[in-house]
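A.B. asks: Before we start, here is the structure in question, set down as structure tokens.
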Amino acid sequence: GKVLTQAVGEPGLYALCALVFIGLAGVVFGQLVIGPGGTARIYGLFTLAFAAYSVVWSAAWFGLRGTLTAEVVGAVLGSVAMASVLAWGFGAGREIPRVALVLVLLNALGYFLGEVWWRWLPGEGGAQLLGEMFNRPQRSMLAMLGWGVVVGGFFGAGVGFAIHHCQHEIRTRLRTGIPLRSGG
């Protein structure tokens, strides 16, 4: 993070992270989209949803000057923005509250558990667990990577839920043979 931040600045680091998230999203979440071309369709929709999340989160982060409040406000409002775009994209606007709630909760849970891991691993607890296998700087690197895996896993589960849940009507119609509405 420090090397990239020095090379491209803090906004550049966030932009690179966004590109990685978006790049992986199509591969992972495309499998959840019903119908042909799911991967291509989710790239467009997830790009819009993640852009909404990122803009809101970044506005909170930079506007509230990088405080804990900024992170909480950004994560909550960013998750609501993402949920809104995903629900809208699947024609399931009435599901925004439920999808937003799940995204907010899983994002917060992942962030909290990731933070605990990030703080615990480099310290004495991590030293006791790993013994002499890794020194403190190596445990710090593992802690940062682990934080990303935990946060990404929980947030990804929330996004997966959103994509699955917003297609409930489509799945029901496919099971019952009721024709899908055309034009939207």
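No lab work stands behind these numbers, since they all come straight from the coordinates. Owing to the predicted nature of the structure, the values given are computational and were not obtained by experimental measurement. All Cβ positions, even for glycine, are placed from backbone atoms using ideal geometry, and neighbour counts span all protein chains on display.
A.B. asks: Of the peptides 52-61, 65-74, 129-138, how do they stack up when ordered by the mean number of other Cβ atoms within 10 Å, highest first? All intermediate terms of the calculation are to be shown ahead of the outcome.
C.D. replies: Working: 52-61: 19.7, 65-74: 13.8, 129-138: 11.2.
Per-residue mean Cβ counts within 10 Å order the peptides as 52-61, 65-74, 129-138.
A.B. asks: Where the only charges are on Cβ atoms (+1 Lys, Arg; -1 Asp, Glu), what is the dipole of the stretch 38-134 about its Cα centre, to the nearest 20 debye? Walk me through the intermediate numbers first.
C.D. replies: Details: 5 positive and 5 negative charges, 89 e Å.
Taking the Cα centre of the stretch 38-134 as origin, the dipole is about 420 debye.
A.B. asks: A further question on this structure: So, how do all the Cα-to-Cα distances of the stretch 67-143 break down into 10 Å bins, in percent, from 0 on up?
C.D. replies: 19, 31, 22, 18, 9, 1
A.B. asks: Separate question: Go ahead and estimate [θ] at 222 nm for the chain from helices alone: -39,500 (n - 2.57) per DSSP H run with n ≥ 4, summed, over the residue count, rounded to 500. Kindly include the intermediate steps, with their values, before the conclusion.
C.D. replies: Details: 7 runs with 147 residues, N = 184.
Dividing the helical sum by the residues of the chain leaves -27500 deg cm²/dmol.
A.B. asks: Roughly what percent of Cα-Cα pairs across the stretch 100-184 reach past 16 Å? Kindly include the intermediate steps, with their values, before the conclusion.
C.D. replies: Details: 2271 of 3570 pairs.
That fraction is 64 percent.
A.B. asks: Rounded to the nearest Å, what's the spacing between the alpha carbon centres of the stretch 118-157 and the stretch 74-98? Just the number, please.
C.D. replies: Measuring centre to centre over Cα atoms gives 31 Å.
A.B. asks: Another question, then. Restricting things to alpha carbons, find the Rg to Rh ratio for the chain using the Kirkwood radius for Rh. Don't skip to the answer; put the middle values down first.
C.D. replies: Values: Rg = 18.8 Å, Rh = 17.9 Å.
Using only Cα positions, Rg/Rh for the chain is 1.05.
A.B. asks: From zero up to wherever the largest Cα-Cα distance of the stretch 1-49 sits, split into 10 Å bins and tell me the percent of pairs in each.
C.D. replies: Using 10 Å bins, I get a P(r) of 28, 37, 23, 11, 1 for the stretch 1-49.
A.B. asks: Checking the a/c ratio against 1.5 first, then a/b against b/c, what shape does the Cα gyration tensor give for the stretch 1-110? Kindly include the intermediate steps, with their values, before the conclusion.
C.D. replies: Working: a/c = 2.47, a/b = 1.35, b/c = 1.84.
Oblate is the answer for the stretch 1-110, as a/c is 1.5 or above yet b/c matches or exceeds a/b.
A.B. asks: List the trypsin sites (Lys or Arg not before Pro) in the stretch 114-184 that DSSP assigns to loop (not H, G, I, E or B) and whose Cβ has at most 16 other Cβ atoms within 10 Å. Which are they? Present the calculation step by step, with values, prior to reporting the outcome.
C.D. replies: Numbers: sites: 119, 139, 171, 173, 175, 181; in loops: 181.
Taking the stretch 114-184 and a limit of 16 other Cβ atoms within 10 Å, the loop trypsin sites (Lys or Arg not before Pro) found are 181.
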